[in-house]
């Protein structure tokens, strides 16, 4: 652990991934290449014994990377792509990684043959290395499974990711799951789509208790009453529900008509998502529809 990390000094938070992270990623790919990890999916066959791999076919990785993302391989520290492309590269290369297991020394060429690989262990090591680099550079991203996602503030991030919905309405569950997935995408455009999907879920939730057309006010009143029996607190939840409904109707979230207010900043997208998600989670948890 670095001295600054031991002292609890966090780097400035930035979603713009640039030269510092890219340089670290270039180093990681070279290190993993030298240790044979990328030979898992891109083996360079031994000339004397054509079946075992004795290294990495970087040309094969280069074809795949350039064909899909327009980036050359091996990566060059001086050729820094745009922020989202850097994240794409880090995620794309994950598929090539496996940890060498059984090896065999080949005396004729004085090199090592890689006979077996552990995909799970290799991927875990690669993802942990990339996540540590994100942390050291102050970027709010991380590998979650085989996908790079954006992290929000600790407690709120945990609340959103840890929610297990069982609303009894499959369409509402679908909206909620889709909203969460989009909101954790590194692309700000996808996060705005996630906010819109969450508002669709809100409109759906408001009809859970009384699905009759034009009875949403009655339905949400029943829902709040079931979730919060305390009158003063129920009144505050109702105020919040009315305020969020107003925002959904008057800002460019799920409506795009002339006269709707645009949301200019990504920070406002975060604020509105967490605010609405918090209220929905409270109502669903209060009625036994989420763990």
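Quick notes
- With a Förster radius of 25 Å applied to the C-beta separation of residue 275 and residue 187, the computed FRET efficiency comes to 0.70.
- Helical runs assigned H by DSSP (4 residues or longer) give the chain a calculated mean residue ellipticity at 222 nm of -17000 deg cm²/dmol, each run adding -39500 (n - 2.57) before division by the residue total.
- The modelled label-to-label distance between residue 260 and residue 246, using points 7 Å beyond Cα along the C-beta direction, is 1.9 nm.
- Taking the C-alpha atoms only, the angle from helix 58-69 to the longest principal axis of the chain is near 30 degrees.
- For the pair residue 82 and residue 222, the difference between a 0.36 nm per residue extended length and the Cα-Cα distance amounts to 45.5 nm.
- The chain: relative contact order as a whole-number percent, Cα under 8 Å and 6+ apart: 14 percent
- Reducing region 213-290 and region 138-208 to their Cα centroids gives an inter-centroid distance of 15 Å.
- Relative to the current alpha-carbon distance between residue 15 and residue 161, full extension at 0.36 nm per residue lengthens the span by 50.6 nm.
- Global form of region 199-246, assessed from the alpha-carbon gyration tensor, a/c cut-off 1.5: oblate
- Extension gain for the segment residue 45 to residue 120, taken as residue separation times 0.36 nm less the Cα-Cα distance, is 24.7 nm to one decimal.
- Residue 68/residue 110 FRET efficiency (R0 35 Å; Cβ-Cβ; nearest 0.05): 0.50
- Nearest-ten-degree value, helix 83-92 long axis tilted from longest Cα axis of the chain: 60 degrees
- Cβ-derived FRET efficiency at R0 41 Å, residue 147 paired with residue 230, nearest 0.05: 0.50
- Separation between Cα centres of region 84-125 and region 11-78, rounded to whole Å: 10 Å
- The candidate values were [x] 61, 44, 32; [y] 82, 43, 36; [z] 54, 42, 39; the one computed from these coordinates for Cα extents along the principal axes in Å carries the label [y].
Each value in this text was obtained by applying a stated rule to the coordinates, not by laboratory testing. Just so you know, these numbers come straight off a predicted model, no measurement behind them. Cβ sites come from the backbone with ideal geometry, for glycine too, and all protein chains shown count toward neighbours.
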